[in-house]
Structures are given as structure tokens and as C-alpha cells.
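The values are calculated or read from the model by the stated rules, or taken from the named source; none is laboratory data. In this text the structure is predicted, and so the values were computed from the model without any measurement. Note: ideal-geometry Cβ built from the backbone for every residue, glycine included; neighbour counts use all protein chains shown.
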Amino acid sequence: MKVKAKILFISLLIVFSGFQSVISQSKIQRLKEQIEYVSKDAKGIVGVAVKHIESGEELYINDDVYFPMASVFKVPILVEVLYQVKEGNLSLNGEIEIKKTEQHLGSGLIAKLDVPGIKLSIKNLINLMMMISDNSATDILLTKVGTDSVNKRMRELGIKSIIINRTCQHLILDYIGLDYEKYKNYSASEFRKLFQNIKNEEFKKIQQKARKRFNTELKDVSTPRAMNTLLEKIFTKKIINENYCELIISTMLKCDTGRNRLKGLLPSGTKVAHKTGTIGGTVNDAGIIYLPYNLGHIAITVFTKETEAKQKEVENVIARISKLVYDYFLFTLE
């Protein structure tokens, strides 16, 4: 009789365990369906990778599709910079004098300053690159370490689907349809003068062709899964060393861009270590969300491309996805 009771108990335990698994799968499937529904408002292609780091529960949508990273590519660049610091090729305190030709197009502060007369340490270039997404700082650092080194490092880390080919300046010139070889040494101020002299109608035609080509090229791209894997490796301190991983996360916690993206609808004060990226129909954000009540951390990447909605609307899509994910783990984890 005791043997039969034990068999019955084990059978019930197996059934209950399987039932719990089905419930868990149905919940995560429901979350996926909610995210897919929200994603439609971007009017383009949306890729999502989500992983609760402590439990391992994960969710993916278009996770193996390549998306332009835009400025999110500054995360793998930073990883390579810090590897080279660790290896003695660079020093965080080493200063670099900024040249006029290193004042590049796009976001940031360096391009607005007067040169010569500026010297910045590698550490401060990192701060500018990650906190305010300074393109000039990024290009100085990327030129120091080289695109080949970044790609090689990603492969060594087991990440095959992060590909970096160009500086920010090169990327933007390709996007707007200007010959990089012809204009690569132009400063930001020289570009401002150039743009004033280009006829609008002529420039629009050039841009339209360039943008179509830009979205089909496998340059400076990543899959959502690959970027999320890199974020997880950084957060769990499985690369470089513990101190440099902490430096990356602490710097990403100070990111001052994309306040309406991953952080947009989360409760005030929620910590998010993240990096944004934007170019044309690509509006991205990727990072680590800190859950309250010691419930752990979420690695989340939301990539978009070919979106036809306004940037503000795409940012809201990212914010809604982030809130759905946050609420799911907040209310389902024990």
C-alpha cells in the first residue's frame, strides 16, 4: 500500500510540475503576443530579445534578423577599448589632443568646441561616447582600436552576429549618400557649409537611393539576440575582468539619451544601464533593467528598422515593450 501511495505521489508531482511548466509557457507566450501587437505601431520591423538573468527565462522576436545598430554599436567598441587597456595597449588616463578633422558629424559635444586646444583622456572619451553618445569621441576610440579588432573580439567571445565596419562619420556619409573617400577629412563645421550649398531636391534624390541601400547592407549590424548576449556577459562579469565590467555598467547607468525609450514608462527611479541608437528609420535601445524587491535583472534589446512611424511613436513602442516586460517579471517571479 505504501509503495502504491509513493508511486501516486510521484505521479502527481510529475503532473503538477508539467502543469506549472505549461502555465509558465503560456504566460511568456502571452507576453510575446502582447509585444508583437504593440510592435505594429512602429510601422516597420521590430526585433526583441529579453532574458531574466537570474532565472534564465527568455523571449525572442525576430531575434536572428540583422538590424542597423546605430549608436548601440558603441557598446562592443567600449568592450574592445577596455580589453586593449587591460592588455596594455591603451591607458584610461592617456590623453589625446583633438584635431579639427576629428570633429565629426552627428551627436555629441566635441564637434561644437574650439580646436586646437582640447585634450581628453581615454576615460573621458568613453564617458562622452556612452553618456551623451558623442560621435567624435567614438570615432577617435574606434580608430585607435580598429574595426577588425572589435569583430575579432566578438568572435572570441562567441558572438558571431555583431558586425562593425565603419566609424560614425563613415556610416552617416553612407546613409546620406555622400562619398566617404571624398569627404572623410571634412570637419563638422565644413559639412555645415557643404549642406548649405547643396540643392534640396538634388540631395533628396541622392538620399532616397542611399537609404534603400543602407537598410539592405550587412554593415554595422547586430541581431537582437547577439546584443543581448553581450549585455549578459558584461553584467555577469564573464568578459575582460570584474572591474572593467563594473565600469561599463556604471557608465551605462549614466546614459543621458533615450529617456523615452526603455526607461520611458518604467516607475520613476528604476535603474536602467543602457545605450541608445538612432539613424533614419532605426530607433534602438539596449540595456539592463534592475527590478525592485531583489527580483533580479533583465537584459533587453529592442531594435527597429525601416519604420515609417514618427521617431516619437517608435520610442513609445520601445517604452511600452519595456513596461510589458518589466511588469511580467515583477508579477510572475517569486
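A few notes on this one:
- Just one of the listed residues (Ser133, Ser91) is of a type in the set (Ser, Thr, Tyr), within 24 Å of Tyr244 (Cα to Cα) and under 19 Å from the mean Cα position of the chain (by Cα), and it is Ser133.
- When we screen Lys152, Lys123, Lys144 for residues that are closer than 22 Å to Met227 by Cα, modelled with pLDDT of 95 or more and not β-branched (Val, Ile, Thr), the only hit is Lys152.
- Residue-level analysis places Ile159 outside the set of residues that are β-branched (Val, Ile, Thr) and touching an Asp or Glu at 6+ places or on another chain (Cβ under 9 Å).
- Qualifying position, being more than 25 Å from Glu57 (Cα to Cα) and at pLDDT 95 or above, among Gly296, Gly264, Gly281, Gly258: Gly258
- Pick from segment 239-275, criterion among the polar types (S, T, N, Q) and in contact with a helix residue (DSSP H, G or I) (Cβ under 6 Å, 6 or more places away or on another chain), ranking: nearest to Val325 (Cα to Cα): Asn260
- Single condition Asn165 does not satisfy, out of (1) under 19 Å from the mean Cα position of the chain (by Cα); (2) loosely packed, with under 14 Cβ neighbours inside 10 Å: (2)
- Count of segment 45-67 residues, restricted to those that are at positive phi and either part of a strand (DSSP E or B) or buried (at least 16 other Cβ atoms within 10 Å of the Cβ) (or both), is 1.
- For segment 319-334, residues that are part of a loop (DSSP other than H, G, I, E, B) and over 16 Å from Glu58 (Cβ atoms) total 1.
- Considering Glu313, Glu334, Glu306, the condition of being within 15 Å of Val38 (Cα to Cα), out of contact with any Cys (no Cβ under 6 Å at 6 or more places or on another chain) and surrounded by fewer than 21 Cβ atoms within 10 Å (Cβ to Cβ) is satisfied by Glu313 alone.
- Residue satisfying all of: in segment 187-207; among the charged types (D, E, K, R), over 18 Å from Asn135 (Cβ atoms) and assigned to a helix (DSSP H, G or I); modelled with the highest pLDDT among these: Lys193
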